[in-house]
Each structure stands twice: as structure tokens, then as C-alpha cells.
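**Q** Below is a structure I'd like to ask you about.
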Amino acid sequence: MTIIGRLLRRTTDLTLIIGLLAVALMMFHITIDVVGKFAINQPVPATIALVSSYYMVVIAFLPIAYAETRNSHITVEVLTELFPMRAQYHLYSWSYLISATVYGLLTYRTWNEALRTQEAGSFIMEQSTKLLVWPSYYLLPIGCGLMTVVLVYRFIIYVTGGKSALGEVPTLQKAAEVDAAKAAGLAKES
Amino acid sequence: MSDIEIGFTGIGVLVTLIALRVPIGVSLIGVSFCGIWAIVGEKAAWGILGIVPYSFAATWQLSSVPMFLLMGFFCFHAGLTKGLFDAARVWLSGLPGGLAVATVFGAAGFAAVTGSSVACAAAMGRIAVPEMMRYRYDVSLATGTVAAAGTIGALIPPSILMILYGIIAEVPISQLFLGGVGAGLLTAFGYIMVITLRTTLNPELAPRLTEKVPLAAKIAALRDTWPVILLMGCVFGGLFGGLFTPTEAGAVGAFLSLVIAGLKGSLTMTSFKNALLETLLTSASLFIIAIGASMLTRFLAFSGAGDYLSELVVAIGANELMLLVGISGVYLILGMFLEPLGAMLLTLPILLPIIATTGFSLVWFGVLLTKFLEIGMITPPIGLNVFVIKGVVGNLATTTTIFRGVMWFLVSDLIVIVLLISFPEIVLYLPSLMD
Amino acid sequence: VTDASAKTLKSAVGLATSSAQFYAHQRFADYVKEHSDLKIKVFSMSLLNLKETPPGVRDGIADMGFVLPPYYPAEYAENNLPANLSMLSTTGRQVESPGAAMAGATSEYTYFHCPECLAEYKKQNQIYLGTGASPTYINLCTTPLRSLEDLKGKKYRSGAANFGRWAEHFGGIKVSIPGNDIYEAMDQGVIDCAMLSATELTNLSLFDLTKFVVRRIPGGVFSGVATINVNRDSWQDLTTAERKVFLQGAARINADLTWKYYSDAKKNIDASPAKGIEVIEPGPEIMKASGEFVKGDVKIIAAQFTKDYGLKNVDPKIAKITELIEKWKGLTADIADDPEALTKLYWDEIFSKIDPATFGMK
Ligand code: NA
Ligand code: NA
């Protein structure tokens, strides 16, 4: 099991590096375009097209799975934080299944959309510059698909109780600590 | 079930899922997909799922969000803002909650360079929260302050929301911008009052500094404020000098903060990488929610909920006061679930003609509407500004903690709404000078 | 039958309710309601935005919508060719409403001379119901353009390649800015002029900022428009009688859109002097140079459509479109300001020739 976990870790790390590059490049690219426009009247061709069709799509979809391994996806705990730790643990783990379903649907649908744009050879024209955009449609099924796999993996870990190697939900650790403390308490009593 | 019943059922399911700690983006996408399937059918549901994620993310204007985030993260990691807050600390040390007050001032200033409240909250959040934590401010007060203060970003011009309203309602955008200044400053004043009152009544929220700072030291503290003042000066100068648009300002601002950090010698490879990483994670977790919120707008459009609520208002609105009360109710409710643009698009087609038949100024209504929509940015369960701050502060605070801190500012916002309705001159005075 | 009569169809317009497009779609809905048992609800912006409408109509999110082929040049390559030649409608013989001519020429070309165009729409699961067009593209400026010398060095916001080439031809700088950013870009001096139709003085609130309206240049109209494409499955679910009503409505909606757009622009230009905006008529020197640019530019367009868009036999296609534009300039010359006459013309010349029993059924 941990082999799969380590493989997933490697893959999400790779998507992270591409995402980091996209953020940095986007900043430099827009800045160079602005400076070019006002200093030498020479903007960088297709800046708007590249920013919107590539940098933004990378930033929005590629790091979804990495964010999951870091527990960065945003939730509201207003009700659940009143539950006992074990109940929270079970609830969180079952919510992986809901998330996996939704991301699975997204993966399937955006994959079909990507195939269709590739077949059409989708491009956009910014002024006289032609920019192929169909490759960027594949970033959606890649990002969402990886997320689905990570979620399914986490659910399997929950069911089998195996070791994850992918980062855990905080409650899992806390629940384990509570269990350990209880066990220690029981041992003392007996 | 009728379409409208499916719409309200969907909202119920959404609230339940979110309360059970299903990730917000997942809840929004799942409910919208099933709801559209139920109302229109399978084809339309798959269609929305295939079209909206790409079309939402792949937009030029949205690019200002990660870029303003990056600017805030650079400023924080390279210690550019520390000097400014040290100065604010020694100069405002007499005030209760001085750093939080300084944060509101900072947001009002930052609002003049950014058009979106998310960008404003993001940048201020990364700059101000850690400084407040350093001086042992209450987590809920610190995070609530930045989430709320971010909303000033869309009230003080430039403002993306006002531009869109101006286009839809055919009202001069320059008039809306001028009108927004009054509402924005009043909002900031209200927030400062909230902070002062809360920290006076409960000094533990923001430990007061006991040290007596001599004037010489106070003046010395100003010396380290140059990085931020230089940064702000360049961004303002470029923006008003016609060198770049507000959408481009984020990227240029991020680049400038990088350069200034280099000049100051406080940029390490690690802080550079951390700034990129935090930008990426915050953006990705925010975008998936915004994509879901955009899908929810389509679901509610299909259900006719926007029309239903708007018509309800018109039916109740026997007189102008009742009409305004009804409109306030609708936007406070819609604002809980929808992102501002969605709420505006769903309701304006019906409400605008009604407003036009009353004696109300459309400029005043546009500013009031912006204020309502911005309140929606911080009300639970879907409060985008709160989520931004959550993304920015990580494990330091739960969303619940931030929402709790925001509650107090909502009280002030409601008073601001009452004032804007009772005294339209607050909004209309500046635009009237233009004629 | 009872099921069909109870059904409400959805129409998506990714623009504000105050737009000419929404006005025309609402009139179409009213016309269909009056002449059949069908109901149409027109959605403004909340259902699909402009970029989402083409795939949205394809997938049946809306039953019909305002589709702009230029957003998807690969998917609608053939249909983008006439749109790129719109500058031909404002050179040579000058007519009052070049949009009315361009709309007629594009519709006739698409239906009767370009089977590839209809095949593209079919592939996108859509039924084409004609084109409406904008009024002339002009320059809305913060600085005057009176002579060829004035044109040099200015920053022009250009929304399409041919306008960008026009700006560069005259020594200007083309700037790409999306529609929603134009207001602020102009406010802050990022651009000196926006190449748009005069309708945008109100639609984008540019009355606030514009100091000079420079008529007739760069010229051309926006005609990359499929005014009301219908989802193919929704179309085939209609009865023959209902499809006939749709075709009659199509003549009307394209006339309505073009006329409303044209008359709004005219109103704005007429209102400009009272708002302190100077309306500049470019002299013969500029008009001659601009006409020469257009002639040369047709060759660039031909090369681009062969190379980038992958079209075949581009030269005969351009020749046909050019011929049709001149024909329609003649047909529409005297009825620019008469939407009823325009409706009748589009019906007689185009939509009456389409068979509602068979069109788009297989
Ligand atoms: Na602002
Ligand atoms: Na909310």
C-alpha cells in the first residue's frame, strides 16, 4: 500500500513544481508585457491568451491533489467540531467517497471535452498570433483525475487501516492520540 | 416537485453537506450537478460540468487574484511589511486594538489599487495576521478583521462589481466610483469602531503595549516603512500614470515587491519558494469553490429562484420602504450562498426596472447593491473572503473561528446599510460635485 | 402535443438586458409566442456568458442562444471567413447601414454558397438561423485624429486582427484588452482610442471618458455572429409549422438586431456634441489610405485562412463574399432605418427559401 502512496506523493510533487513555475512565469510574463508596451511599444504577443488559457488553468487544476495531501481544501467545521473525535474521524473519511464521486464525474466529463477540443484542433487568435489551446483542456482531467485517485486511496487506507505515506487528516492523528491516552488510562486503572 | 422547489431543496442539501464538513467546492459542484439534472435533464447537467470549470478559470481578469496573493506573500516572507507594522505599533500604541485598526487603514489604502475584495483580503491577510499574532491578538479578532476589511476593496474604486453594474444598469461608472468612496470610508470607520469597542471592553483580545515610546524612537520607527511605501507609490503611480490596468497591477506589484526585497537583501530562496507555494495552494482551493459557486448560479437560474425572490419583493413592496426592506432581505439571503456576480446577474433583470420606476437614484442603488454583495462575502456558509483568509492562515484558525470574528463586523455593516438608506447623500455627495 | 405546448424553451444571451441582442431575442420570443403554442424564456447573462454559449447550445444547456463564432476559430473556421472580410462593407460604395448589408451577405453566403459552413454548425449540434451585424467600427478617443500624422504613435484597443493591422499600418500601436477592461484602460490612459461601434458609448459607459468620436475609420462591422443558433435536438423536436415560425422569426431577429444596433449608434453619435464630445469626419486623404489598406489586407486574410484556419479554395470564397456584399449594399441602401422593410427583405431573399420540413432534419 505504501508503494502506491509514495508513487502518488511523487506525482503530486511533480504537479506542484509545474504549478510553482506557472505562478512565477505568469508574474514575469505580465510584467515584461507591461514594460514592453510602455518602454519600447512592443508588447509580448498573445499575453492575455497565454495567461488565461495556460497559466490560469495550470494554477486552478493541477495542484488540486497536492492541496488535498496538505489538507488545504476549505471546509466548515462549525457543527462537526462538537462531535467526539472518533465520530469526526469516521465522518471525514466517508466524505472522501463523496468528494471522489464528484471529482470522478468531473474527470470523466472534462476528459471527453479535451478529446473533443483536440479533435477540433482548438486555437484562439489574439491579433494575428495563433495559439493552440486544446492541450490546456487536458489539464482538467489530469488535475481532477489525480485528485480522484488520491481520495480513493485515502478511503481505502481508512477501510483497511493501512499506512498512508501521503499525509493524513489532522483528526486521524488526534483520534489516535486520544485512543493511546485512553489505553494508557485503562492500563493504569487495571 | 416544481423547479423552484427543487431549487430550495438543493440549497437545503448544500447547507447539510457543508455542515457535515464535506469540502465546500465539492458540495457546490455536486448539488448543482444533481439539481440541474432534476430540473432540465441529464444533457444539461453534463454540459455545465464540462463547460463551466474551464471557462471560469481561463479568464484574464481572474489572473489578478493569484498575482495580488503573490504580492502579499512576497511582502510577508521578505519582511517588507514588518517595518510598517512596527511603525503602526508604536504610533498607535495608545489606541486599543491599534494593529487591527492599522489593518483597516491598510485595507482602505490597498482598496484604491485593487478592484476585488478577494485580492484585497488576500494581500492584507498575509501581511497583517502574522503581525497581530506576534503581539498575541485574539485569532478570531485578527482573522475576522482582515476578512471584513477586504470588502472595502470592492467599495473604494476601482471596483469590478461596480463596473459590471454600471454596464448592466447603464449608469456612468465614474459616478459609481465616486459614490463608492463614501460607502467605503463609512465601512472602514464602522470597522474601526467595532475594533475599538471590542478591545476596550475586553482588553485581552488585543494586549495593549505598556512600553512608553519616546518620540525619537517613534520617528526612528518610520525609517523601516520605506519598502511598503515605495511599493505602494510605484503601484499607484503606474496605475494612475496609465502604465498598466488594475488587472495587470497584481503581477507588476508582485514583481516590484520581489525587486524591493532584493534591494533590501531580505529575500532568500526559501522565502521565494514559500511565497509561490502559498499562492498556488490558496488560489487552487479558492478557485474550485468559485467554480462551484458559478455552477450554483446556473442551477438557481434554471430553478427560477432569482425571479421568484425578486417577484416576491415586488409583491410585498407596497411602498418604497417595504421595497427596500425586501431587497435587503433578498440580497442578505442570496449573499449567504452565491458569489456577488451570480447574485447580481440573477436578480438585476427583474429588480432594475422596478428601481427605475421609483424615485431612487440608480447610482445610489448600485453602491448599496455593492455593499450588500460585499456583506455576502463574509456571511456563512459560503463567504469567499473568509475562505481566502482560511487559505492564507492555514492551520492557525478554522473557518468557524474566522466566521465568529466576522460576526461583530456584520453588526457594523448592518448599521452602515441603514445609514446608506437613510442618508443617500453619503453616497451621492461626491458624484453631485461632478455635475 | 400537450407536453410540447406546456414546455418553455430557454434562450441564452450573454449580454445585459439593455443590449440590442437581448432586445432582439425578446422580440423573437414574443413573435414565436404569438404565432405558436411555444413559450421562450430569454436569460440574460445568468445562464451562459458569451464564451460559454456556443458549447452551451451544443450541449442543450439552452435550446437556443446568441453564438459568436470568433471565440472558437477552429470549430467555426469557415464561418469566420466572411466575418473577417467585414471591412469590405465600408469601402468602395458607402451605404448608410453597412451592418444591414453585411448581415444579408453573410446569411446568404452561409446558407446557399457554403455547405462547409452549415456542416460546421451541424458538427456543433446547432441549427444556424442567420446573422445580424453591428454598425460601423469607429474610433472613440481621448485625443483627436484629424490627419494621417495624428494617427501615428497612438495606442489603439483592437478586438480583432484586422483592426490591429489597420492600427499598425498607420503607425499606431495595437493593444489587446478584453471588453470589460476597456473603461479603466481608457480612464488611465493605457489606450488613446478604442476601436468599437458607437453603441459602446452607452454599453460600456464610454460616454464618461470619450473626448473625440472619429467616424468611418477603421471601418468594418462586427458580423461574426450567429444571432440565434438552435440546439439541433430541440430543433428536431419542433413541428414543421413551428420550424416555419422560427424561420419567419429568424428574418425578424436579424433585422431587429441589426437595426437596433444601428439606431442606438446613430443616437449616440447625435447625442455626442451636447456632451462636449467632438465628432470628427475624417478627410478624403485618410479615407483613401484606409481603403487602400483594406484592399491589401484581403490578401493577408486569404493567406491566414489558408494557413492558420486550414480552409481550402479561399480565393473563390472571398470573391463570392465580395460579390454578395456589393449586392446587399444595393438591396439595403434605402431601408437602413426601417426594420419592417429589412425583415421583409431578409425573408424574401433568404429565409423563405429554406424548407422547414427538411432543413436540419438529418
Ligand atoms: Na478597489
Ligand atoms: Na456568504
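The values are calculated or read from the model by the stated rules, or taken from the named source; none is laboratory data. What you see is a predicted model, and the numbers here were worked out from it, not measured in a lab. Every residue, glycine among them, receives a Cβ derived from its backbone with ideal geometry; neighbour counts consider all protein chains shown. For accessibility, only protein heavy atoms count, side chains too; no ligands or nucleic acids. Shrake-Rupley method; radii C 1.70, N 1.55, O 1.52, S 1.80 Å.
**Q** I'm trying to understand the selection: among the residues of the range C:152-198, which are closer than 18 Å to C:G296 by Cβ and surrounded by 19 or more Cβ atoms within 10 Å (Cβ to Cβ)? Lay out the reasoning, then the answer.
**A** Keep residues of the range C:152-198 that are closer than 18 Å to C:G296 by Cβ, which gives C:158, C:160-172, C:174.
Passing the criteria: C:S158, C:A160, C:A161, C:N162, C:F163, C:G164, C:R165, C:W166, C:A167, C:F170, C:G172, C:K174.
**Q** Among the residues of the range B:154-180, count how many are more than 20 Å from C:M45 (Cβ to Cβ) and within 16 Å of ligand 2 (Cβ to nearest atom). Give the steps one after another, and end with the answer.
**A** As a first pass, look at the range B:154-180 and keep what is more than 20 Å from C:M45 (Cβ to Cβ): B:155-158, B:172, B:174-175, B:177-180.
If we keep only those that are within 16 Å of ligand 2 (Cβ to nearest atom) as well, we get none.
Number of matching residues: 0.
**Q** Within the range C:205-225, take every residue that is of a type in the set (F, W, Y) and either in contact with a Lys or Arg (Cβ under 8 Å, 6 or more places away or on another chain) or assigned to a strand (DSSP E or B) (or both) and give me the one that is surrounded by the fewest Cβ atoms within 10 Å (Cβ to Cβ). Can you show your working first?
**A** Filtering the range C:205-225 down to residues of a type in the set (F, W, Y) leaves C:207, C:212, C:222.
From what's left, either in contact with a Lys or Arg (Cβ under 8 Å, 6 or more places away or on another chain) or assigned to a strand (DSSP E or B) (or both): C:207, C:212.
Numbers: C:F207: 18, C:F212: 20.
Within the range C:205-225, the match that is surrounded by the fewest Cβ atoms within 10 Å (Cβ to Cβ) is C:F207.
**Q** Please note which helices (runs of 4 or more DSSP H) are completely contained in the range B:157-227 and include at least 3 residues that are touching a helix residue (DSSP H, G or I) at 6+ places or on another chain (Cβ under 9 Å) and under 30 Å from B:L428 (Cβ atoms). It would help to see each step written out before you state the result.
**A** Details: elements: B:160-169, B:173-201, B:215-221.
Counting at least 3 such residues, we get B:160-169, B:173-201.
**Q** Being within 9 Å of another protein chain (Cβ to nearest Cβ), open to solvent by 20 Å² or more (accessible area, probe 1.4 Å) and more than 30 Å from A:T110 (Cβ to Cβ) is the filter here; which residues of the range A:34-61 pass it?
**A** Result: A:V35, A:K37, A:F38, A:N41, A:Q42, A:P43.
**Q** Still on this structure: Hey, among B:L281, B:L263, which residue is more than 14 Å from chain C (Cβ to nearest Cβ) and within 17 Å of B:V65 (Cα to Cα)? Steps first, please.
**A** Numbers: B:L263 fails: within 17 Å of B:V65 (Cα to Cα).
Every option except B:L281 fails the conditions.
**Q** While we're here: Output the number of residues of the range C:165-219 satisfying the condition of being among the acidic types (D, E), over 24 Å from the mean Cα position of the chain (by Cα) and modelled with pLDDT of 85 or more.
**A** Our first condition is that a residue be among the acidic types (D, E); within the range C:165-219, this holds for C:168, C:181, C:184, C:187, C:192, C:200, C:208.
Next, from what is left, pick out any that are over 24 Å from the mean Cα position of the chain (by Cα): C:184, C:187, C:192, C:208.
Among the residues that remain, those that are also modelled with pLDDT of 85 or more are: C:187, C:192, C:208.
Number of matching residues: 3.
**Q** Still on this structure, I have one more. Got a sec? Which of B:V235, B:V330, B:V259, B:V325 is away from ligand 1 (no atom under 16 Å from the Cβ), on the phi < 0 side of the Ramachandran plot and in contact (Cβ under 8 Å) with a residue 12 or more places away in the chain? Let's see the steps before the verdict.
**A** Working: B:V235 fails: away from ligand 1 (no atom under 16 Å from the Cβ); B:V259 fails: in contact (Cβ under 8 Å) with a residue 12 or more places away in the chain; B:V325 fails: in contact (Cβ under 8 Å) with a residue 12 or more places away in the chain.
The match here is B:V330.
**Q** Looking at the range B:195-218, can you tell me whether even one residue there is within 16 Å of ligand 2 (Cβ to nearest atom) and either under 24 Å from B:V411 (Cα atoms) or more than 14 Å from every other protein chain (Cβ to nearest Cβ) (or both)?
**A** First, pick out the residues of the range B:195-218 that are within 16 Å of ligand 2 (Cβ to nearest atom): none.
There is no residue in the range B:195-218 that is within 16 Å of ligand 2 (Cβ to nearest atom) and either under 24 Å from B:V411 (Cα atoms) or more than 14 Å from every other protein chain (Cβ to nearest Cβ) (or both).
**Q** Now a separate question. Looking at B:M124, is it within 14 Å of chain C (Cβ to nearest Cβ), more than 16 Å from ligand 2 (Cβ to nearest atom) and assigned to a helix (DSSP H, G or I)?
**A** No, not satisfied.
**Q** Are there any pairs, at least 6 apart or on different chains, whose C-beta atoms fall under 9 Å, with the first in the range B:264-286 and polar (S, T, N, Q) and the second open to solvent by 40 Å² or more (accessible area, probe 1.4 Å), and if so, which?
**A** Matching pairs, first to second residue: B:S266/B:H77; B:T268/B:H77; B:T270/B:H77; B:S271/B:F76; B:S271/B:H77; B:N274/B:H77.
**Q** So which of B:G41, B:G97 ends up being within 22 Å of the chain's Cα centre (by Cα) and open to solvent by less than 50 Å² (accessible area, probe 1.4 Å)?
**A** Details: B:G41 fails: within 22 Å of the chain's Cα centre (by Cα).
None of the others qualify; the one that does is B:G97.
**Q** Check B:L362, B:L338, B:L346, B:L369 and return the single one that is closer than 18 Å to B:M295 by Cβ, away from ligand 2 (no atom under 14 Å from the Cβ) and touching a residue at least 40 places away in the same chain (Cβ under 8 Å). Lay out the reasoning, then the answer.
**A** Details: B:L362 fails: closer than 18 Å to B:M295 by Cβ; B:L338 fails: away from ligand 2 (no atom under 14 Å from the Cβ); B:L369 fails: closer than 18 Å to B:M295 by Cβ.
B:L346 is the lone residue from the list that is closer than 18 Å to B:M295 by Cβ, away from ligand 2 (no atom under 14 Å from the Cβ) and touching a residue at least 40 places away in the same chain (Cβ under 8 Å).
**Q** Name the single residue, out of those in the range C:128-151 being open to solvent by 10 Å² or more (accessible area, probe 1.4 Å) and among the β-branched types (V, I, T), that is nearest to C:R215 (Cα to Cα).
**A** Among residues in the range C:128-151 that are open to solvent by 10 Å² or more (accessible area, probe 1.4 Å) and among the β-branched types (V, I, T), the one nearest to C:R215 (Cα to Cα) is C:T136.
**Q** So which pairs qualify, if the first residue must be in the range B:92-121 and farther than 14 Å from B:L155 by Cβ, the second must be buried (at least 24 other Cβ atoms within 10 Å of the Cβ) and among the basic types (K, R), the Cβ gap must be under 8 Å, and the two must be at least 6 apart or on different chains?
**A** none
**Q** (1) within 23 Å of C:S263 (Cα to Cα); (2) open to solvent by 10 Å² or more (accessible area, probe 1.4 Å); (3) part of a helix (DSSP H, G or I): which one isn't true of C:S107, the others all being true?
**A** (2)
**Q** Is the range C:60-72 home to any residue that is away from every other protein chain (no Cβ under 12 Å) and open to solvent by 20 Å² or more (accessible area, probe 1.4 Å)?
**A** no
**Q** Quickly run through the range A:117-144 and pick out the residues that are facing chain C (nearest Cβ under 9 Å) and in a helix (DSSP H, G or I).
**A** A:T117, A:A120, A:W134
**Q** Suppose we filter B:I415, B:I389 for residues that are outside the structural domain of B:L17 (by TED's automatic domain parsing) and open to solvent by less than 40 Å² (accessible area, probe 1.4 Å); which single one remains? Break it down stepwise before answering.
**A** On the way: B:I415 fails: open to solvent by less than 40 Å² (accessible area, probe 1.4 Å).
One residue alone meets the criteria, B:I389.
**Q** Can you tell me which residue within the range B:133-157, out of those that are within 11 Å of ligand 1 (Cβ to nearest atom) and open to solvent by 10 Å² or more (accessible area, probe 1.4 Å), is nearest to C:L15 (Cα to Cα)?
**A** So in the range B:133-157, the residues within 11 Å of ligand 1 (Cβ to nearest atom) come out as B:150-157.
Subsequent filtering for residues that are open to solvent by 10 Å² or more (accessible area, probe 1.4 Å) retains B:156-157.
Values: B:I156: 26, B:P157: 24 Å.
Filtering the range B:133-157 for residues that are within 11 Å of ligand 1 (Cβ to nearest atom) and open to solvent by 10 Å² or more (accessible area, probe 1.4 Å), the one nearest to C:L15 (Cα to Cα) comes out as B:P157.
**Q** Let me ask something else. Please work out if C:E52 is within 14 Å of chain B (Cβ to nearest Cβ) and either within 18 Å of C:F246 (Cβ to Cβ) or open to solvent by 10 Å² or more (accessible area, probe 1.4 Å) (or both). Let's see the steps before the verdict.
**A** Values: within 14 Å of chain B (Cβ to nearest Cβ): yes; either within 18 Å of C:F246 (Cβ to Cβ) or open to solvent by 10 Å² or more (accessible area, probe 1.4 Å) (or both): no.
No; evaluated as a whole, the condition is false for this residue.
**Q** Still on this structure, please answer the following. In a loop (DSSP other than H, G, I, E, B) and either modelled with pLDDT under 95 or not aliphatic (A, V, I, L, M) (or both): is that true of B:P380 in this structure?
**A** Details: in a loop (DSSP other than H, G, I, E, B): yes; either modelled with pLDDT under 95 or not aliphatic (A, V, I, L, M) (or both): yes.
Answer is yes for this residue.
**Q** Quick one: in the range B:103-121, which of the residues that are open to solvent by less than 10 Å² (accessible area, probe 1.4 Å) and within 16 Å of ligand 2 (Cβ to nearest atom) is modelled with the highest pLDDT?
**A** Within the range B:103-121, the match that is modelled with the highest pLDDT is B:A121.
**Q** May I ask you to verify whether B:T400 is open to solvent by less than 20 Å² (accessible area, probe 1.4 Å) and at pLDDT 95 or above?
**A** Working: open to solvent by less than 20 Å² (accessible area, probe 1.4 Å): yes; at pLDDT 95 or above: no.
It is false that B:T400 is open to solvent by less than 20 Å² (accessible area, probe 1.4 Å) and at pLDDT 95 or above.
**Q** Shifting gears a bit: Please specify each residue of the range B:306-322 satisfying the condition of being open to solvent by 10 Å² or more (accessible area, probe 1.4 Å) and assigned to a helix (DSSP H, G or I). First the steps, then the outcome.
**A** Of the residues in the range B:306-322, the ones open to solvent by 10 Å² or more (accessible area, probe 1.4 Å) are B:307-309, B:311-312, B:314-322.
Hits for the range B:306-322 are B:D307, B:Y308, B:L309, B:E311, B:L312, B:V314, B:A315, B:I316, B:E320, B:L321, B:M322.
**Q** Restricting attention to the range A:62-93, which residues are more than 7 Å from chain B (Cβ to nearest Cβ) and under 18 Å from the mean Cα position of the chain (by Cα)? Walk me through it before giving the result.
**A** As a first pass, look at the range A:62-93 and keep what is more than 7 Å from chain B (Cβ to nearest Cβ): A:62, A:65-66, A:68-69, A:71, A:82-90, A:93.
Scanning the range A:62-93 gives A:L62, A:A65, A:Y66, A:E68, A:T69, A:N71, A:S93.
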